[in-house]
Amino acid sequence: MRVSIARDHAGVRYAGLLSEEIVNRGYELVPLNPDIAFDDYPDAAEVLASAIHEGRTDRGILICGSGVGVSVAANKFPGVRAAVCHDCYSAHQGVEHDKMNILCIGQRVIGEELAREIAQAFLSAEPSSEERHVRRSEKIDTIEKKHFK
């Protein structure tokens, strides 16, 4: 799986930490261009969400102070399903039930070890093929198509 990371100024330390984690667990780390820390979280979200939307990476991790700003910005892009997850259950359940493709975390909210565990829960999860999850995901796709013409 191809994974990318983007962050604003408040997520630099965790971006490095999680980049190492991605590589150590055997995932392909896809660098983004520009691979810099942005002052403004919408810029970081735009770079990663564009990479997801264009198919250059499969999943991504966005980091800012709280995780909220990057989540709001990333969800403005078609095909992006981003959520703030500060626990392991939400991180894997978001992929399994909701086809989440961007994990958003807050460096100022959670500790390093928990960030690693959440990232692993997110990356190791696979979307469910259960009928109810597929049906709900298709409804989200329909809403998106209706509003992103």
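The values are calculated or read from the model by the stated rules, or taken from the named source; none is laboratory data. Keep in mind that this is a model prediction, so the values were computed, not measured. Every residue, glycine as well, gets a Cβ built from its backbone with ideal geometry; the counts of neighbours run over all protein chains shown.
I'm told Arg136 meets every condition in (1) modelled with pLDDT under 95; (2) closer than 22 Å to Arg13 by Cβ except one. Can you identify the failing condition by its number?
(2)
Please pick out the residue among Ala121, Ala125, Ala83 that is touching an Asp or Glu at 6+ places or on another chain (Cβ under 6 Å) and among the hydrophobic types (A, V, I, L, M, F, W, C).
Being touching an Asp or Glu at 6+ places or on another chain (Cβ under 6 Å) and among the hydrophobic types (A, V, I, L, M, F, W, C) holds for just one of Ala121, Ala125, Ala83, which is Ala125.
Anything in the range 18-55 that is assigned to a loop (DSSP other than H, G, I, E, B), surrounded by fewer than 15 Cβ atoms within 10 Å (Cβ to Cβ) and either out of contact with any strand residue (DSSP E or B) (no Cβ under 7 Å at 6 or more places or on another chain) or of a type outside the set (D, E, K, R) (or both)? List them, or say none.
Of everything in the range 18-55, those that are assigned to a loop (DSSP other than H, G, I, E, B), surrounded by fewer than 15 Cβ atoms within 10 Å (Cβ to Cβ) and either out of contact with any strand residue (DSSP E or B) (no Cβ under 7 Å at 6 or more places or on another chain) or of a type outside the set (D, E, K, R) (or both) turn out to be Arg25, Gly26, Pro31, Asn33, Pro34, Asp35, Ile36, Glu54, Gly55.
May I ask you to verify whether Val70 is buried (at least 18 other Cβ atoms within 10 Å of the Cβ) and closer than 18 Å to Gly11 by Cα? Even if it seems obvious, please write down each step before you answer.
Working: buried (at least 18 other Cβ atoms within 10 Å of the Cβ): yes; closer than 18 Å to Gly11 by Cα: yes.
In short, yes.
Could you name every one of the helices (runs of 4 or more DSSP H) located completely within the range 61-149 that has at least 3 residues being β-branched (Val, Ile, Thr)?
Helices (runs of 4 or more DSSP H) meeting the threshold: 68-74, 131-147.
Kindly provide the set of residues from the range 88-135 that are among the polar types (S, T, N, Q), over 20 Å from Lys76 (Cα atoms) and crowded, with 16+ Cβ neighbours inside 10 Å, ordered by number.
Across the range 88-135, the qualifying residues are Ser90, Gln93, Gln107, Gln120, Ser128.
Tell me, which residue of the range 25-73 that is of a type in the set (Gly, Ala, Ser) and in contact (Cβ under 8 Å) with a residue 40 or more places away in the chain is nearest to Cys104 (Cα to Cα)?
Gly67
What pairs come up if the first residue lies in the range 130-149 and is farther than 16 Å from Met100 by Cβ, the second is surrounded by fewer than 12 Cβ atoms within 10 Å (Cβ to Cβ), and their beta carbons are under 7 Å apart, counting only those six or more places apart or on different chains?
Note: no pairs meet the criteria.
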